[in-house]
Amino acid sequence: MELLIKLFENILVLANAMSFYILIGLLIAGIMKQLIPDDFISSHLGENKSASVIKATIFGIPMPVCSCSVIPLAKSLQKEGASKGAVQSFLISTPITGVDSILATYSFFGWFFTLYRVVTSVIIAIITGILQNFMDNKESVKAEESTCCSSCGCHANTVEEKKGFSSKEALKYAYVTLFGDIYKALLIGLIFGGVFTTFIPKEILEPLFEYQFLTYFAVLVIAMPLYVCATASLPIAAAFMLSGMSGGAAFVFLSAGPATNTVTMGVVAQMFGKKALILYLGSIASFSILFGYLFDTFFGKLEILNITTEVEHFSVLDTASTIVMFGLIVYYFIKNR
């Protein structure tokens, strides 16, 4: 019974640390969805060049989508004629650089780690996309798309007129569409984080954490198949760090996990083939370890984890936000039974 109470308290600690930022991030995402034209990205990414990869990464930054909803967007980009590299860079960077993910990362790890995560994810996305386009020799696809556009104008009428700003639609997108995408993964992430903190003693993990690169590879094995989105992975990473894991190893988990879960792997393989999937996974794994190592080497002494482990130290605003967040989670579980 005592362990169950401790588990509940640890879940509450993680929820209180992020709930306010989740709710605010979703609201900003809903507002941005109203301000950004629907065809903003798809109309710029058709060329099979490095420029399309950079555009995909940069244009993906303001897009308010999570790891779950980025998959259908990636498929639509492919149908619109975006290059393989552009779609892959979009898949990697967009969930991590979304405003909700940025604020949620800040809630646990502060601005420095948040900025490091965003910048490095952009670099990983661009390099992966450029490598993919460089290795892609199937110029016939590009030729067919250019013929289609010149002869029949198949994309000429795809641009839709953007409607005026709607507060109702912004709120609907934030707390219905987006939250409806992440509520299960968010709850799973909180439970996993709580279980990890409660039932796995720090003393058991300390020997593993002493071996830096072994820790990185162990984290990759855990992160890659796990279907937890960029935001929901944060409480798990925080739990890892509370148990003694380095900031660099936590970075590896947060960098590799959202872009390499089993669902995304299947989508990349289905859209682009097994060779593209191998390149995709290899690039993400390699650069995640590299940037994790660089973080531990140069910034390992920084105190980046900024959450309290005492429930009573949270403010009324934190508690109210947690109640609202869990209320939404319960609502969507009942609604989608």
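Some points to look at:
- Conditions (1) under 28 Å from GLY244 (Cβ atoms); (2) out of contact with any helix residue (DSSP H, G or I) (no Cβ under 9 Å at 6 or more places or on another chain): number failed by ILE334: (1)
- Of all residues in the range 176-199 being of a type in the set (Ser, Thr, Tyr) and more than 18 Å from the chain's Cα centre (by Cα), the one that is nearest to CYS229 (Cα to Cα): THR197
- Residues of the range 270-281 that turn out to be within 18 Å of the chain's Cα centre (by Cα) and either buried (at least 24 other Cβ atoms within 10 Å of the Cβ) or free of Cβ contacts under 8 Å to residues at least 12 places away in the same chain (or both), as a count: 1
- Filtered by the rule that a residue be buried (at least 22 other Cβ atoms within 10 Å of the Cβ) and at positive phi, the range 89-119 gives no residues.
- Residue that is surrounded by the most Cβ atoms within 10 Å (Cβ to Cβ) [pool: residues in the range 201-227 that are in contact with a Leu (Cβ under 9 Å, 6 or more places away or on another chain) and at pLDDT below 85]: ALA223
- Hey, ILE304 among the β-branched types (Val, Ile, Thr) and within 20 Å of PHE108 (Cα to Cα) or not: yes
- Count of residues meeting criterion [assigned to a helix (DSSP H, G or I), in contact (Cβ under 8 Å) with a residue 60 or more places away in the chain and farther than 18 Å from GLY292 by Cα] in the range 236-269: 4
- Checklist (1) closer than 28 Å to PHE165 by Cβ; (2) of a type in the set (Lys, Arg); (3) modelled with pLDDT of 85 or more applied to LYS33, failing item: (3)
- Conditions (1) modelled with pLDDT of 50 or more; (2) under 30 Å from PRO258 (Cα atoms); number of the one not met by PHE165: (2)
- Which listed residue is outside any helix (DSSP H, G or I), modelled with pLDDT under 65 and surrounded by fewer than 24 Cβ atoms within 10 Å (Cβ to Cβ), from GLY46, GLY81: GLY46
The values are calculated or read from the model by the stated rules, or taken from the named source; none is laboratory data. Predicted, not measured: the structure shown is a model, and the values here were computed from it. Using ideal geometry, Cβ is built from the backbone for each residue, glycine included, and neighbour counts are taken over all protein chains shown.
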